[in-house]
1. Trypsin sites (Lys or Arg not before Pro), restricted to the range 143-200: which are DSSP loop and have at most 13 other Cβ atoms within 10 Å?
2. Amide H of Val223: which non-local residues (sequence gap of 5 or more, or other chain) have their own amide H closer than 5 Å, using H built in the peptide plane?
3. Would you be so kind as to identify which of Asn43, Gly207, Ile115 lies farthest towards the positive end of the dipole of the chain, taking Lys and Arg as +1 and Asp and Glu as -1 on Cβ and the Cα centre as origin?
4. What lysines does Lys54 reach when the alpha-carbon gap must be under 20 Å and sequence neighbours fewer than 8 apart in one chain are set aside?
5. Just how large is the dipole of the chain about the Cα centre, in debye to the nearest 20, putting +1 at every Lys and Arg Cβ and -1 at every Asp and Glu Cβ?
6. Mind checking which lysines have their Cα closer than 25 Å to the Cα of Lys120? Skip sequence neighbours fewer than 8 apart in that chain.
7. Hey, can you rank 198-205, 178-185, 231-238 by average C-beta count inside 10 Å, highest first?
8. Determine which aspartates and glutamates satisfy two conditions relative to Lys59: a Cα distance under 17 Å, and not lying fewer than 8 residues away in the same chain.
Amino acid sequence: MNDDSQWMSISDMMSGLMLIFMFIAISFMIQVQEDKNKTEEINRDLEQLIKQAKKDKEKIENIAKTYYKDKEELNRDLTAEFEKDLEEWEAEITKDNIIVFNSPTVLFNTGKSSIKKNFKNILNNFFPRYIKTLSSKKYKNEIDEIRIEGHTSNIWNKGLKQRVTYLKNMKLSQNRANNVLAYCYSLKNNIIQENIKWLEKHFRANGMAFSKLKYLDKKHSLVDLIKSKRVEFRVQMKTEEKIYKILEVSK
């Protein structure tokens, strides 16, 4: 009788252990399946991210190709339009389509922001032709900003503290840029008037003080005092905005 009772106890214990092992096994199987599902989900997400990254890369590459194509074409068009005038104007067109007016004696009197008569005559000739090129069907919808930048050397008011010198040159360069913008905007010319609303959306003026000096040497130890005092007309295309939108959508 005792033997039977003892056997039953061992049998019950073994059955209980088997149930415990079975629950452990089932829990383990469930965990494995859940991990498998999570892994599959992660893999699917990774595949989608990789596909989206490839699409974004292709879009950005296409935009970059279009940008460089437009940039090169604009450079050719600007050069064709103004090449014969650049020497007389003491101006140049860079590879980045910046038109630089380099002669400070033509532009403004030292420390003054009023446009000199000779520079007004240049702007009368230059600006309508410039806007005619930029507002053509080829470029008009691709331009984000037309910016006039005023630049100074670092010697005007140099005897003052650096902070004061910088602020005075910043004010001077901003006033010069503003005056050039106002003069160009106010020209009584059909091309300007036809594009006046477009100019209001895209035409800007910025004073740069001496933040982008020109140098006579590669080591940037000798400042070019003549070319540092300049006015630049810059064109910024919409490429950066398009790339930003692509990256925003991808988030």
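Every number here is computed from the coordinates shown, using simple stated rules; none is lab data. Nothing here was measured: the structure is a model prediction, and the numbers come from that model. Note that each Cβ is placed from the backbone with ideal geometry, even for glycine, and that neighbours are counted across all protein chains shown.
1. Values: sites: Arg147, Lys158, Lys161, Arg163, Lys168, Lys171, Arg176, Lys188, Lys197; in loops: Lys158, Lys161, Lys188.
Here the sparse-neighbourhood loop sites are Lys158, Lys161, Lys188.
2. Leu216
3. It is Ile115.
4. Lys65, Lys242, Lys245, Lys251
5. Values: 46 positive and 36 negative charges, 544 e Å.
With only Lys, Arg, Asp and Glu charged at Cβ, the dipole is about 2620 debye.
6. The qualifying lysines are Lys84, Lys112, Lys132, Lys168, Lys171, Lys188, Lys197, Lys201, Lys212, Lys214, Lys227, Lys229.
7. On the way: 198-205: 14.9, 178-185: 17.8, 231-238: 19.6.
Packing order, densest peptide first, comes out as 231-238, 178-185, 198-205.
8. Asp70, Glu142, Glu240, Glu241, Glu248
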